[in-house]
């Protein structure tokens, strides 16, 4: 390939794509470029300034002699002599200088992650980036909450506090624990025969019959973090998951089983299949709902719960809230607890 005469224009490849790859190349002589940098890699290839390093699992390129001598000249021509100055790094330095004069000292032991993200990242909801620039000594938390309902005799002990669950249930109808309380739990007193049911949706959790020694835990979607943290501090307990009858609902159950180190146990009454003709919802191709996979679910799961096979075949699903007023629910729930 004939090399162009310097300077060679880069076209419309933006500097924020070029800069990180070029800096690594000029500093180390080789780079493993991200996919978004492919136009810049193509430019370097067209000018014979780089060559692929063979026998590496991850595509890696190295600068040749022409590349070393010509790349910096071209970048200075296209973007100016200060092309290697990263505005983001300069901005971070300005922030750090500003912080020295205005931030409290010492910093709190723990702050909410959204405060940290607003200070050190792009904005308060920028969860992807804030760890990169967060001070090493600073700990953050989301301070999410965990909601429980039970009539079981449970006492939760913290450093300088105790929650009598039965007493608080009588006063408030539920127990709300924030993340800082959960991480501060020292021990839990609970019956040895307690049964735990994690429930996916708020309506089903709020309406679930409270039977003796049953603890229901609101576990929304894949947000299982606080549920796992709390349950791992319980004594021996039996566990079931009650969720929507759709593929994501089963995946939530599988994830919980794995993290709790327990066999997957789903609360799916046999009579739930009677709701297929009146309450089954179709999963449209353009819906946000995830389709059932073409590959069959485990045979044991399908044999145990035939309603799952019908939902999978018809690409439909059932909401758990629809069965909450069924007169058979309490009896079936009690039988499932006794069986476990």
Subset of the stretch 229-256 [surrounded by fewer than 18 Cβ atoms within 10 Å (Cβ to Cβ) and either over 22 Å from residue 157 (Cα atoms) or modelled with pLDDT of 95 or more (or both)]: 248, 251, 254, 255
Could you list all residues from the stretch 34-82 that are touching a strand residue (DSSP E or B) at 6+ places or on another chain (Cβ under 7 Å) and part of a loop (DSSP other than H, G, I, E, B)? 49, 53, 59, 60, 64
Scanning the stretch 7-33 for residues that are in contact with a helix residue (DSSP H, G or I) (Cβ under 6 Å, 6 or more places away or on another chain) and in a loop (DSSP other than H, G, I, E, B), the one surrounded by the fewest Cβ atoms within 10 Å (Cβ to Cβ) turns out to be 7
Considering only the stretch 159-265, give the strands (runs of 3 or more DSSP E) lying wholly within it that have at least 2 residues that are without any contact (Cβ under 8 Å) to a residue 24 or more places away in the chain, in contact with a helix residue (DSSP H, G or I) (Cβ under 8 Å, 6 or more places away or on another chain) and assigned by TED's automatic domain parsing to the domain that holds residue 312. none
So for the stretch 286-302 (the condition being within 30 Å of residue 193 (Cα to Cα) and buried (at least 18 other Cβ atoms within 10 Å of the Cβ)), does at least one residue qualify? no
When residues of the stretch 313-340 are filtered for being over 22 Å from residue 198 (Cβ atoms) and in contact (Cβ under 8 Å) with a residue 24 or more places away in the chain, how many remain? 3
If you check residue 131 against the conditions, is it modelled with pLDDT of 80 or more and either within 30 Å of residue 190 (Cβ to Cβ) or outside the structural domain of residue 189 (by TED's automatic domain parsing) (or both)? no
Residue list for the stretch 288-312, restricted to those being free of Cβ contacts under 8 Å to residues at least 12 places away in the same chain and in a loop (DSSP other than H, G, I, E, B): 288, 294, 295, 298
Per the list (1) surrounded by fewer than 21 Cβ atoms within 10 Å (Cβ to Cβ); (2) modelled with pLDDT of 95 or more; (3) in contact with a strand residue (DSSP E or B) (Cβ under 9 Å, 6 or more places away or on another chain); (4) under 20 Å from residue 146 (Cα atoms), residue check on residue 266 breaks on (4)
Listed residues 144, 164; which is in contact with a strand residue (DSSP E or B) (Cβ under 8 Å, 6 or more places away or on another chain) and under 28 Å from residue 107 (Cα atoms)? 144
Give the number of residues within the stretch 271-282 that are surrounded by fewer than 18 Cβ atoms within 10 Å (Cβ to Cβ) and either without any contact (Cβ under 8 Å) to a residue 60 or more places away in the chain or not assigned by TED's automatic domain parsing to the domain that holds residue 320 (or both). 8
Scan the stretch 140-158 for residues that are surrounded by 14 or more Cβ atoms within 10 Å (Cβ to Cβ) and in a strand (DSSP E or B) and jot them down. 140, 141, 146, 147, 148, 149, 150, 155, 156, 157
I'm told residue 261 meets every condition in (1) in contact with a strand residue (DSSP E or B) (Cβ under 8 Å, 6 or more places away or on another chain); (2) under 22 Å from residue 146 (Cα atoms) except one. Can you identify the failing condition by its number? (1)
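The values are calculated or read from the model by the stated rules, or taken from the named source; none is laboratory data. Nothing here was measured: the structure is a model prediction, and the numbers come from that model. Glycine gets a Cβ as well: all are built from the backbone with ideal geometry, and neighbour counts include every protein chain shown.
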